[in-house]
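*Asks:* Dumping the structure here so I can ask a few things about it.
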Amino acid sequence: MRSFAAALTILANAAAAQSAMQSVDVTGHYQNGVGTSEAASEGTVRGERLADLPLLRPGEVLETVPGLVVTQHSGDGKANQYFLRGYNLDHGTDFATQVDGLPINLPTNAHGQGYADLNFLIPELVEKIDYRKGPYFAEDGDFSSAGSARIRYRDRLEGGLLKLTAGSDGYRRLLLAGSTALPAPAGGGSPGAPSASGPRILGAFEAQRDDGPWTTPEGVRKWNALLKLSDGDRDRGWSATALGYANRWTSTDQVPLELIRSGRLGRYAALDPTDGGASAWAAVTGEWHAHDDRGYTTLSAYAQHDQLTLWSNFTYFEADPVRGDQFEQKETRNLVGGQAVHGCSTPGSARSRRPSSACRRATTTSMWACSIPKPACRSRPSATTTSAKPPGASTCRTPPPGCPGCPGCAACWACAATASSWTSAACARPPAATPAAARCRPSCRWCSGRGRRPSSSPTRAAA
């Protein structure tokens with residue numbers, strides 16, 4: 001009897017512990033767009049993923065794109081070399097890259113067509129990377145025959161950022177970053193944006209030096225600055241960004257294998273210690289965007305001044321035994337450009353399914369619809385009890401301004417959700433057992449459906 005009573009006690013304690021167990025929300029770092037993207041080879045990398053990676057070079061942020069390999073040669077100031085799906089993309093010839101709407105690939109560059117230098121990138125400021133693989137997207141331009149990546153910087157930071165990093169081989173890095181909201185202009189929000197508050201300003205400064213493991217110190221000396229002003233949200237808003245970057249380095253290039261095997265030259269030594277380069281550029285960009293039920297419009301423009309100098313020596317003294325074979329690649333250019341895009345949303349497309357930002361903000365903590373398939377909101381009131389709170393619902397409110405809700409429905413509630421990963425897209429039509437008076441009418445507008453009738457089964461979707 002005692003053993004039987006002990007077993008019952010253990011089972012009771014286990015049941016109590018299980019009932020008291022808290023839910024755990026797991027947020028993925030990738031959004032592969034299944035069911036919404038136009039191809040299986042495109043997706044999105046969230047900026048939180050970069051916080052978990054020990055990055056030695058800024059260009060390595062692109063290694064979060066599945067299948068993309070990022071390497072480096074001739075010094076940490078030179079553009080990276082990329083490989084994707086077995087193809088050598090050189091310094092970006094076949095992989096189109098943009099940062100906040102600024103094209104990074106340089107046509108007819110002194111070193112190579114499509115030269116894409118990402119050494120100015122600040123990984124801590126990256127909000128997301130939208131990537132595409134394959135030659136299927138004409139809008140990405142002539143450098144995207146193997147793929148593309150659109151990198152977006154954040155508009156704001158949760159708090160100020162100060163990072164001091166020190167490591168071996170003379171590695172030093174300083175990063176200062178922060179953001180704040182400016183006072184609202186007289187008469188409300190800024191032109192072109194729906195917010196009532198003022199625009200946001202984001203600033204960052206980076207300084208870095210590194211000698212590397214080389215016998216001849218690499219001597220990287222880099223500084224980087226960014227200032228971004230923005231307002232609005234993803235449905236309607238604008239931004240203006242100013243960037244500045246300068247870098248100088250000494251490179252250790254290829255050396256004869258026979259000299260290393262014979263011991264006359266070390267593995268990390270250089271035959272010509274004057275190889276290296278210098279790079280500097282400044283750019284200003286601006287963009288305006290608007291999304292609604294009918295479609296989307298995006299306007300962007302940029303201006304850039306770029307300077308690049310590279311010194312290389314591949315054959316040493318073979319062609320000129322007296323002065324050597326070192327050569328210089330140098331260019332200075334000014335670029336201006338812009339883009340105007342307008343598209344129409346079609347039923348079932350990714351853009352027509354995307355909820356408005358006002359709805360997304362509200363649905364991170366609450367959901368509303370005529371039927372909510374959550375345990376706390378499963379019970380539905382009848383048409384005669386619409387003023388009462390649904391059984392089990394912790395909070396009920398009307399949809400926030402800007403969200404259509406369910407006009408004309410007898411029972412349309414906003415019930416608190418316990419998991420932030422659930423959005424209004426998870427709301428389904430009421431079950432058939434619901435009294436007819438409490439069901440949504442066919443004309444009911446849903447926050448995530450943009451006027452479409454919701455699906456008959458609940459789905460889990462990302463915000």
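*Asks:* Given the conditions (1) in contact with a strand residue (DSSP E or B) (Cβ under 6 Å, 6 or more places away or on another chain); (2) of a type in the set (A, V, I, L, M, F, W, C); (3) not in a strand (DSSP E or B), and given that W223 satisfies all but one, which numbered condition is not satisfied?
*Replies:* For W223, the failing item is (3).
*Asks:* Tell me, please, whether a residue that is in contact with a Cys (Cβ under 9 Å, 6 or more places away or on another chain) and of a type outside the set (K, R) can be found in segment 300-317. Outline the logic, then answer.
*Replies:* Of all residues in segment 300-317, those in contact with a Cys (Cβ under 9 Å, 6 or more places away or on another chain) come to none.
No, every residue in segment 300-317 fails to be in contact with a Cys (Cβ under 9 Å, 6 or more places away or on another chain) and of a type outside the set (K, R).
*Asks:* (1) out of contact with any Leu (no Cβ under 9 Å at 6 or more places or on another chain); (2) open to solvent by 10 Å² or more (accessible area, probe 1.4 Å): which one isn't true of N119, the others all being true?
*Replies:* Every listed condition holds for N119 apart from (2).
*Asks:* Just for segment 125-156: of the residues that are part of a loop (DSSP other than H, G, I, E, B) and either among the charged types (D, E, K, R) or open to solvent by 30 Å² or more (accessible area, probe 1.4 Å) (or both), which one is nearest to V69 (Cα to Cα)? First the steps, then the outcome.
*Replies:* Here is the first cut: in segment 125-156, the residues part of a loop (DSSP other than H, G, I, E, B) are 134-137, 141-146, 154-156.
Right, trim to either among the charged types (D, E, K, R) or open to solvent by 30 Å² or more (accessible area, probe 1.4 Å) (or both) and you get 135-136, 141-142, 145, 154-156.
Details: P135: 18, Y136: 21, G141: 21, D142: 21, S145: 16, R154: 25, D155: 28, R156: 30 Å.
Among those residues, the one meeting the criterion is S145.
*Asks:* Please find, within segment 68-92, the residue that is most open to solvent (accessible area, probe 1.4 Å) out of those that are among the polar types (S, T, N, Q) and at pLDDT below 90.
*Replies:* From segment 68-92, those among the polar types (S, T, N, Q) are 71-72, 74, 80-81, 88; that's our starting set.
With at pLDDT below 90 added as a condition, the list becomes 72, 74.
Details: Q72: 40, S74: 19 Å².
The residue in question is Q72.
*Asks:* From the list G237, G277, G219, which residue is under 16 Å from D76 (Cα atoms) and open to solvent by less than 10 Å² (accessible area, probe 1.4 Å)? Don't jump to the end; show me each part of the working.
*Replies:* Values: G237 fails: under 16 Å from D76 (Cα atoms); G219 fails: open to solvent by less than 10 Å² (accessible area, probe 1.4 Å).
Only one candidate qualifies: G277.
*Asks:* Sticking with this structure for a sec: Check D293 against each of (1) over 28 Å from E218 (Cα atoms); (2) open to solvent by 50 Å² or more (accessible area, probe 1.4 Å); (3) not in a loop (DSSP other than H, G, I, E, B) and name the one condition it does not meet.
*Replies:* Result: D293 passes all but (3).
*Asks:* To continue, here is another question. Considering only segment 249-272, state which residues are touching a strand residue (DSSP E or B) at 6+ places or on another chain (Cβ under 7 Å) and either assigned to a strand (DSSP E or B) or surrounded by fewer than 18 Cβ atoms within 10 Å (Cβ to Cβ) (or both). Talk me through it step by step, then tell me what you get.
*Replies:* First, pick out the residues of segment 249-272 that are touching a strand residue (DSSP E or B) at 6+ places or on another chain (Cβ under 7 Å): 249-251, 253.
W249, T250, D253 - these are the residues of segment 249-272 that are touching a strand residue (DSSP E or B) at 6+ places or on another chain (Cβ under 7 Å) and either assigned to a strand (DSSP E or B) or surrounded by fewer than 18 Cβ atoms within 10 Å (Cβ to Cβ) (or both).
*Asks:* Moving on. Do we find a residue being aromatic (F, W, Y) and farther than 28 Å from I151 by Cα anywhere in segment 243-255? Before you say what the answer is, go through the steps one by one.
*Replies:* Residues of segment 243-255 aromatic (F, W, Y): 245, 249.
In the following step, the residues that additionally are farther than 28 Å from I151 by Cα were identified as none.
So far as segment 243-255 goes, no, none of its residues is aromatic (F, W, Y) and farther than 28 Å from I151 by Cα.
*Asks:* Filtering segment 314-372 down to residues that are over 30 Å from A290 (Cβ atoms) and of a type in the set (A, V, I, L, M, F, W, C), which residue is modelled with the lowest pLDDT?
*Replies:* Selected residue: I372.
*Asks:* Which residues, counting only those in segment 323-342, are open to solvent by 70 Å² or more (accessible area, probe 1.4 Å) and basic (K, R)?
*Replies:* The answer is R323, K330.
The values are calculated or read from the model by the stated rules, or taken from the named source; none is laboratory data. Here the structure is a predicted model, which means the values were calculated and not measured. Cβ coordinates were reconstructed from backbone atoms using ideal geometry, including for glycine residues, and neighbour counts include every protein chain displayed. Ligands, DNA and RNA are excluded from the accessible area calculation, which covers all protein heavy atoms including side chains. Shrake-Rupley method; radii C 1.70, N 1.55, O 1.52, S 1.80 Å.
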